[in-house]
1. Could you look through the stretch 118-175, keep only residues that are of a type in the set (Lys, Arg) and either buried (at least 16 other Cβ atoms within 10 Å of the Cβ) or outside any loop (DSSP other than H, G, I, E, B) (or both), and pick out the one that is farthest from the chain's Cα centre (by Cα)?
2. Taking only pairs six or more apart or across chains, which ones have beta-carbon atoms under 8 Å, a first residue in the stretch 128-142 that is closer than 22 Å to Pro155 by Cβ, and a second residue that is part of a helix (DSSP H, G or I) and among the polar types (S, T, N, Q)?
3. Across the stretch 84-109, what is the number of residues that are within 13 Å of the chain's Cα centre (by Cα) and within 21 Å of Asp134 (Cβ to Cβ)?
4. Of everything in the stretch 68-96 that's in contact (Cβ under 8 Å) with a residue 12 or more places away in the chain and more than 16 Å from Leu158 (Cα to Cα), which residue is surrounded by the fewest Cβ atoms within 10 Å (Cβ to Cβ)?
Amino acid sequence: NPEPFRLCRDCGFAVALQPTAGGRRRGPKREGHRLFLFSPDCVGEADDVMLFSRFETRALQLQVDEARLPIDPPMRERFLVSLKAALVNAAELLVSAVPGEIDAEVKPEVGQILLFDNIEGGAGFVGTLYERFDELLDRAANLVLVDCACEFGCPKCLLSARRRRDVGYVFKPLL
């Protein structure tokens, strides 16, 4: 989820919005700040900003059997993120996609992984993955269990510079 922040209209200074007890976020609309150590104070007005993108693309929704998911919610999320990493890495190899052209999101509460073309309008990768789904699963399993002897997950099998946010969740022994 994107984190909101305030951005000064005059100088571009950014400040994170702090959560309040009620779950809302707040921060100063106008506050003296400095961009550089010896620059004069700026008192420009700030706007609330959130960075994200939205585009239409193709997707493949995978539902993991509830009986195969860990019961503990944090472990469930780690399992799904680890499986997602294996599937995305295998998918990129299978369809010769450049890293980042295929991505995925997990929905731990319902045990789903959503694979998608990370290119506006879709590049057709997900359609190919749907048609070659058994091959995708075999490639992911081989990538993690046969081709790589690491203990916890590494760039060869599960990790990717494009998915740095997943590093703390990926845990190969769960697979």
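Here, each number is a calculation from the coordinates, and none is a lab measurement. Here the structure is a predicted model, which means the values were calculated and not measured. Here the Cβ is made from the backbone with ideal geometry for all residues, glycine too, and neighbour counts use every protein chain on show.
1. Going residue by residue through the stretch 118-175, those that are of a type in the set (Lys, Arg) are 132, 139, 156, 162-165, 172.
Of the ones still in play, those that are also either buried (at least 16 other Cβ atoms within 10 Å of the Cβ) or outside any loop (DSSP other than H, G, I, E, B) (or both) are 139, 162-165, 172.
Details: Arg139: 21, Arg162: 9, Arg163: 6, Arg164: 8, Arg165: 6, Lys172: 18 Å.
My answer is Arg139.
2. Final answer for the pair search is Ala140/Asn89.
3. Final tally of qualifying residues: 5.
4. Filtering the stretch 68-96 for residues in contact (Cβ under 8 Å) with a residue 12 or more places away in the chain gives 69-70, 73, 75-91, 93-95.
Those still in the list that are more than 16 Å from Leu158 (Cα to Cα) too: 69-70, 73, 75-76, 95.
Details: Leu69: 17, Pro70: 14, Pro73: 11, Met75: 14, Arg76: 18, Val95: 19.
Filtering first and then ranking leaves Pro73.
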